[in-house]
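For reference, the structure discussed in these notes is given below.
The values are calculated or read from the model by the stated rules, or taken from the named source; none is laboratory data. Just so it is clear, the model here is predicted, and its values are computed rather than measured. Note that we place each Cβ from the backbone using ideal geometry, even for glycine, and neighbour counts take in every protein chain shown. Each accessible area value is taken on the protein alone, full model and side chains, heavy atoms only, with ligands, DNA and RNA left out. Shrake-Rupley method; radii C 1.70, N 1.55, O 1.52, S 1.80 Å.
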Amino acid sequence: MATDSSVPTNAFAGAARLVDYWVIVYKRTWKGSAISSFITPLFYVLAMGVLLGDYVEGDPAQLEGASSYLVFIAPGLLAAQSMQTVFGEVTYPVMGMIKWHKTYFGMTASPLTVSEVILGHLGFVMFRVGLTCGVFTLVMAPFGVFATVWGAVLAYLVQFLLGLAFATPIYAFSAGLKDESPFALVFRLGMIPLFLFSGAFFPIDNLDPWMAALAKATPLWHGVDLTRMLTLDTLDGSTALVHVAYLVVLAVLGWFWAVRRLTRRMVG
Amino acid sequence: MTTSDSMILAQGLRKSFGSFEAVKGIDVDVRRGEAFGFLGPNGAGKSSTMRMVAAVSPVSGGTLRILGMDPAEDGPQIRSRIGVCPQEDTLDLEITVRDNLFVYGRYFGLPRKEVRERVDELLEFVQLTEKADSMVEDLSGGMKRRLTIARSLINRPEILLLDEPTTGLDPQARHVVWDRLFRLKQQGVTLVLTTHYMDEAEQLTDRLVVMDKGLIVAEGSPMSLIAEHSTREVAELRFGVGDNEAAADKVADLADRVEVLPDRLLLYTADGEETVAKVHERGLEPVATLVRRATLEDVFLRLTGRTLVD
Ligand SMILES: Nc1ncnc2c1ncn2[C@@H]1O[C@H](COP(=O)(O)OP(=O)(O)OP(=O)(O)O)[C@@H](O)[C@H]1O
Ligand SMILES: [Mg+2]
């Protein structure tokens, strides 16, 4: 027998070999994720943006330049949507691929490397981010929350960067865990406080100075602020650059950490 | 023989986990077309060795060449040309039998059309065509094992690594697997398998090493190992619990060697029937007797003082 299989020429070519796997997985699971991905954010828009927003004075001076509370929180909810999608995708599912289903062990017995396997999985996570944030952006558009079309498009693209900045470090964290119990804490003490206190629901300057400083150190705040500048058309070049740099650095550091942790874990 | 015929070459190969040494320096040379076995009890270091050969677990010491390549340098190249059936199945339980094979073929960079053809062939080969659209979680243990073997063949490997291919299977399922492996061997695939079943090693391997506690304690063909380390026949005598030890002294001179197991005596001798007759002549009345040919189990007992399956 002669083998005619080959070694991928680069990491992206390797990750591309995993596309069929992820397509099959997604076909099986999309119904389960549809509710939480699409309907929950819509509830938020209605409850917080429209109904609660009725009680909030639409004063641009108080709302970082937004003309209504809905317009203020829409970018925050979009960024939070990216974050929440990522948290869901790189915690339990990553452990499942290692520990419960051992799928990664099958993948790395092939010519694929650990980096390619991670890249493939992150590609799927980005697909999920693109989908949930894409639907969210479309749903919000009729509410008039986007000042300009290009702002809406750029705000949408920012969600991939924000998602990646969360995905790589959390992936790394998950890849080294022996059991799933820390995930409950990650959600309760990580994701929920980020969601509530990183400027999605209220201007960060309403916080005590030290709390505001803390909030501004979080990736979600950088994502929210960047998204909001784009949706409100209040972009400030140098601030935006700081946000992008922060998120890129986090994503890159997380990537190297993830490769290290998963390699160690797989080798045992 | 030239080194180009050497499919797997290990010299002083070691594997440590922290301060624990699971493989303590072994030499192995597997030739093209050969069926090679690692026989040994639990914890002997068989899987640790297989994982190094599969280029997924780094070597801790010594040298290892697979198809002439160094796994530390050329892991992906090596993995593209071998097939691996790990001790624990790593099938995706929640997708179909067919999809498991299909996605696996894609990992090897094979075009979709090509993979689909191979999937059909392989399903036929391992007799799972009727289960093609079942979820893997609905398969029996034997079927899962066959699927894992089919999966390991998707890239038409030059070396097939099988870590305990039939452990946990009932005798019938085991024979189906043996039959398939035998066909592969006839097709010229180099087989490397681990087992703690001596009958499996005898059935399938041309040459094997006996491993114990991280070391190779003997090497040869099943026949030559038996000839070298055992007599041709074995007379098994059962004298009721507690009486075996006492009886052993009384029959010691009737055999080349006597092993006392908790439940029976093993008398190693060229002619088992004759030995049993002599035992009776001495007025000894074993509860049961059995004469059989010596097996690798006896070789293992001789070499390590322990039985293979505990
Ligand atoms: N990842 C690991 N970390 C620590 N110790 C390990 C690891 N893998 C194996 N060992 C130890 O190395 C020794 C050899 O294990 P190995 O799995 O190679 O044995 P084996 O011959 O395959 O046994 P079995 O027949 O039970 O499969 C055992 O003592 C085992 O506990
Ligand atoms: Mg083993």
### Summary
Expressed in angstrom and ordered largest first, the alpha-carbon extents of chain A along the principal axes are 74, 37, 34
### Task
Take every Cα-Cα distance within region A:95-143, group them into 10 Å bins from 0 onward, and report for each bin the whole-number percent of pairs it holds.
23, 36, 20, 15, 6, 0
#### Entry: Assigned charges on the beta-carbon of Lys, Arg, Asp, Glu; the protein assembly as shown dipole about Cα centre (debye)
980
## Note on the structure
Note to self: C-alpha centroids of region A:147-189 and region B:25-42 sit apart, in Å, by 47
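Select from region B:208-257 those trypsin sites (Lys or Arg not before Pro) which occupy a DSSP coil region and have at most 16 other Cβ atoms within 10 Å, ordered by residue number. Don't skip to the answer; put the middle values down first.
On the way: sites: B:213, B:232, B:238, B:250, B:257; in loops: B:213, B:232.
Those satisfying the criteria are B:213, B:232.
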### Summary
Counting only DSSP beta bridges fully inside chain B, the antiparallel percentage to nearest 5 is 65
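Using a 1.4 angstrom probe on the protein heavy atoms only, could you order A:36, A:110, B:221 from most to least accessible area?
On the way: A:36 70, A:110 0, B:221 35 Å².
Most to least solvent-accessible, the answer reads A:36, B:221, A:110.
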### Message
If the elastic network links every pair of Cα atoms under 10 Å, which of A:155, A:34, A:109 fluctuates the most in the Gaussian network model of chain A?
### Response
A:109
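Using only protein heavy atoms and a 1.4 Å probe, how much accessible area in total is buried between A and B, to the nearest 100 Å²? Walk me through the numbers before you get to the answer.
Details: alone 13180 and 14700 Å², together 24990 Å².
Interface area, both chains combined: 2900 Å², rounded to the nearest 100.
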### Task
Just name one of A:194, B:134, B:224: the one whose Cα is farthest towards the positive end of the charge dipole of the protein assembly as shown (beta-carbon charges, Lys/Arg +1, Asp/Glu -1).
A:194
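Rounded to a whole number, what % of the accessible area of the protein assembly as shown do carbon and sulfur atoms account for, probe 1.4 Å? The partial results should precede the final answer.
Working: 14680 of 24990 Å².
Roughly 59 percent of what the probe reaches on the protein assembly as shown is carbon or sulfur.
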### Query
Where Rh is the Kirkwood radius over the Cα pairs of the protein assembly as shown, the temperature 25 °C and the viscosity 0.890 mPa s, what D in µm²/s does Stokes-Einstein return?
89
### Summary
Under a Gaussian network model of chain A whose springs join Cα atoms within less than 10 Å, the largest fluctuation of A:137, A:40, A:85 belongs to A:40
### Task
With a 1.4 Å probe and every protein chain left in place, tell me how much accessible area residue B:135 has, in Å² to the nearest 10.
70
#### Entry: Dipole of chain A [Lys/Arg +1, Asp/Glu -1 at C-beta], most positive-end residue of A:98, A:84, A:133
A:98
#### Entry: As computed over region B:180-246, the Cα convex hull volume per residue (Å³)
152
#### Entry: Solvent accessible area, Å² - residue A:205, 1.4 Å probe, full protein context
110
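Starting from the coordinates of the alpha-carbon atoms of region B:115-155, obtain the Kirkwood hydrodynamic radius over all distinct pairs and give the value in Å to one decimal.
Answer for region B:115-155: a Kirkwood hydrodynamic radius of 10.1 Å.
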### Message
Which positions within region B:20-59 get 10 Å² or more of their accessible surface covered by the other protein chains, compared to the chain by itself, with a 1.4 angstrom probe?
### Response
B:51, B:56, B:58
## Note on the structure
Rounded to the nearest 10 Å², the accessible area of residue B:134 using a 1.4 Å probe with every protein chain kept is 30
### Query
Considering only protein heavy atoms, what per residue accessible area in square angstrom results for the protein assembly as shown with a 1.4 angstrom probe?
43
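Compute the FRET efficiency between residue B:260 and residue A:33 as 1/(1 + (r/R0)^6), taking r as their Cβ-Cβ distance and R0 = 56 Å, and round to the nearest 0.05. Show your work: numbers first, answer last.
Details: r = 64 Å, r/R0 = 1.14.
Using R0 = 56 Å, I get an efficiency of 0.30.
If you take the C-alpha gyration tensor of region A:67-109, multiply each eigenvalue by 5 and take the square root, what semi-axes do you get, largest first, in whole Å?
On the way: eigenvalues 281, 12, 3 Å².
In descending order, the three semi-axes are 37, 8, 4 Å.
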### Task
With a bin width of 20 angstrom, please list the P(r) values of chain B as percents of all Cα-Cα pairs, from the 0 bin to the one holding the largest distance.
30, 49, 19, 1
### Summary
Taking the chain alone as reference and the full protein assembly as comparison, with a 1.4 Å probe on protein heavy atoms only, the residues of region A:12-30 that lose at least 40 Å² of accessible area are A:17, A:20, A:21, A:24, A:28
### Task
Using a 10 angstrom cutoff on alpha carbons, build the Gaussian network for chain A and name the most mobile of A:91, A:148, A:132.
A:148
### Query
Under 27 Å from the Cα of residue A:27, which lysines turn up, not counting those fewer than eight places away in the same chain?
A:99, A:102, B:113, B:131, B:144
### Query
Where does the charge balance sit around residue A:160 when Lys and Arg score +1, Asp and Glu -1, over other residues with C-beta under 14 Å from its C-beta?
0
### Query
Hey, how many Å between the Cα centroid of region B:282-305 and the Cα centroid of region B:56-89?
40
### Message
With bins 5 Å wide starting at 0, give me the P(r) of region B:231-293 over every alpha carbon pair, in whole percents.
### Response
4, 22, 37, 27, 10, 1
### Task
Mind checking region A:33-107 for GluC sites (Glu not before Pro) that DSSP puts in a loop (not H, G, I, E or B) and that have at most 10 other Cβ atoms within 10 Å?
A:57
### Message
Under a Cβ-only charge scheme (Lys and Arg +1, Asp and Glu -1), can you give me the dipole magnitude of chain B about the Cα centre, in debye to the nearest 20?
### Response
1040
### Query
Running Debye on region A:31-96 with equal point scatterers at the Cα sites and no solvent, what base-10 log of I(q)/I(0) appears at q = 0.27 Å⁻¹?
-1.11
### Query
Using 7 Å Cα-to-Cβ label points, what is the residue A:92/residue A:244 separation (nm, one decimal)?
3.7
### Task
Taking the dipole about the Cα centre of chain B, with the C-beta of Lys and Arg at +1 and of Asp and Glu at -1, give me whichever of B:87, B:68, B:198 is farthest to the positive side.
B:68
### Query
Of all DSSP beta bridges in the protein assembly as shown, what percent run antiparallel (nearest 5)?
65
#### Entry: Nearest-20 debye value, region B:231-293 charge dipole, Cβ charges on Lys, Arg, Asp, Glu
140
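Grab the DSSP H runs of chain B that are 4 residues or longer, score each as -39,500 (n - 2.57), total them, divide by all residues and round the 222 nm result to the nearest 500 deg cm²/dmol. Could the numbers behind the result be given before it?
Working: 11 runs with 118 residues, N = 310.
Helices in chain B give a 222 nm mean residue ellipticity of -11500 deg cm²/dmol.
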### Query
Using alpha carbon coordinates only, what is the Rg to Rh ratio of region A:181-268, with Rh defined as the Kirkwood radius?
1.07
